[in-house]
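Each reported figure results from applying straightforward, stated rules to the coordinates on display, with no laboratory input. Just so we're clear, the structure is a prediction, and the values are computed from it rather than from any experiment. Quick reminder, even Gly has a Cβ in these numbers, built from the backbone with ideal geometry, and neighbours come from all protein chains shown.
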Amino acid sequence: MKSDEVKVCILRIEGTNCEEETFAAFKEVGASPEKVHLKQLVGACPAELKRRLQDYHVLALPGGFSAGDYVRAGAIFAARMKSTLSLDLKKFVSTERPVIGICNGFQILVELGVLPGLDGVMSDEPQAALSTNASGRFECIPTLLKHENRGKSVFTRKIETGRVVMFPCAHAEGNFMLPSEKQERILDQLESEDQMVFRYVGPAGDYAGYPWNPNGSVRNIAGICNPAGNVLGLMPHPERVFHRCTHPDWTRSEMRPDGEGDGRAVFESALDYVRRKF
């Protein structure tokens, strides 16, 4: 399959606001992205605007404040997807097509029960939560992330295990939490099954507290994948550092401003996976 044959569905509703950056990232690696409203997938639109999820190779849930983040961040978008698109989404995930949720998208995948995915493709109820930041405020800062996946995640195969990257964060509800009575068991399971993808670290590459962990996530979790590795959810934004010139330190580094940013590899990895598999 050629790169431009890889079709990417960038799904949005009212309040989504990072679809342009996500579109641009997939476009620049050679894929064919399309911004699609949820109503287009469920047929609540004119016939010429209807789309089918199964016609796409990649599904991207971008950042933003879908439905105003009322109730909980991502909860309304997830509820609408689950009530209208559940069977199509389960089929999409089970056929190992890549799904990425960034920031609000991560929150949506957790609310859907797709992540962490401990009880099949989609659990009936959420198994985790992305709660209010421990700081009690919106955090919009550069974050350092250690890539800890050993090869399962299809979105990070072009990033060396142990490498530290910089993706900026911008969220008020990114505190990854699990039921207290199951927390340690689930965390150990995520580690042993290679579902940990990114963790917050400090400048020395070690796990660190605030502000390096901007939200208080347990075990410094910034991103996880499902057991099959084709679904990735992460709070920081790789699409915002696709180019080196959007890194906050590029003027102080010796790297070319027109060079590759740390986030590019996420989109390249997904594209390579689809080209080889489908």
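Taking amide H positions as modeled 1.01 Å from N, with prolines and chain starts lacking one, the residues under 5 Å from residue 243 and 5 or more places away or on another chain are 261.
Label zone (residue 17, point 7 Å along Cα-to-C-beta; backbone nitrogen cut-off 18 Å) within region 52-90: 61-77. Local charge for residue 162 was computed over the other residues whose Cβ lies under 9 Å away, with Lys and Arg +1 and Asp and Glu -1, and equals 0.
Helix-only arithmetic for the chain: the sum of -39500 (n - 2.57) across DSSP H runs with n ≥ 4, divided by the residue total, places the mean residue ellipticity at 222 nm at -7500 deg cm²/dmol. For residue 79 and residue 181, a Förster radius of 25 Å and the Cβ-Cβ distance give a FRET efficiency of 0.45, rounded to the nearest 0.05. Here the ratio of the Cα radius of gyration of region 135-188 to 2.2 N^0.38 Å is 1.42.
Using every pair of separate Cα atoms, the Kirkwood estimate puts the hydrodynamic radius of region 78-132 at 11.2 angstrom. Normalised by 2.2 N^0.38 Å, where N is the number of residues, the C-alpha radius of gyration of region 1-153 stands at 1.05. Can you give the FRET efficiency to the nearest 0.05 for residue 276 and residue 255, using r as the Cβ-Cβ distance and R₀ = 25 Å? It comes to 0.25. For 218, 201, 58, the sequence from fewest to most other C-beta atoms within 10 Å is 218, 201, 58.
Bridgeable lysines around residue 27 (alpha carbons under 30 Å apart, same-chain partners fewer than 8 residues away excluded): 2, 7, 35, 39, 50, 82, 90, 91, 146, 152, 158, 277.
For region 138-145, the Karplus equation 6.51 cos²θ - 1.76 cosθ + 1.60, evaluated at θ = phi - 60°, returns couplings of 5, 10, 10, 9, x, 10, 9, 10 Hz by residue, with Gly and Pro reported as x.
Between residue 193 and residue 28, the distance separating the two model label sites (each 7 Å from Cα on the Cα→Cβ line) works out to 3.5 nm. Arranged from fewest to most other beta-carbon atoms within 10 Å of their beta carbon, 41, 11 become 41, 11. Scoring 69-79, 175-185, 96-106 by mean Cβ neighbours within 10 Å over their residues and listing the highest first yields 96-106, 69-79, 175-185.
Seen from all directions on average, the chain presents a Cα convex hull projection of 14.0 nm².
What translational D, rounded to a whole number of µm²/s, comes out for region 68-185 from Stokes-Einstein when the hydrodynamic radius is the Kirkwood one over Cα pairs, at 10 °C and 1.306 mPa s? In µm²/s, the coefficient is 101. Note on the chain: antiparallel DSSP beta bridges, both residues inside, total approximately 60 percent of the bridges counted. Between residue 95 and residue 125, full extension at 0.36 nm per residue minus the direct alpha carbon distance yields a gain of 8.6 nm.
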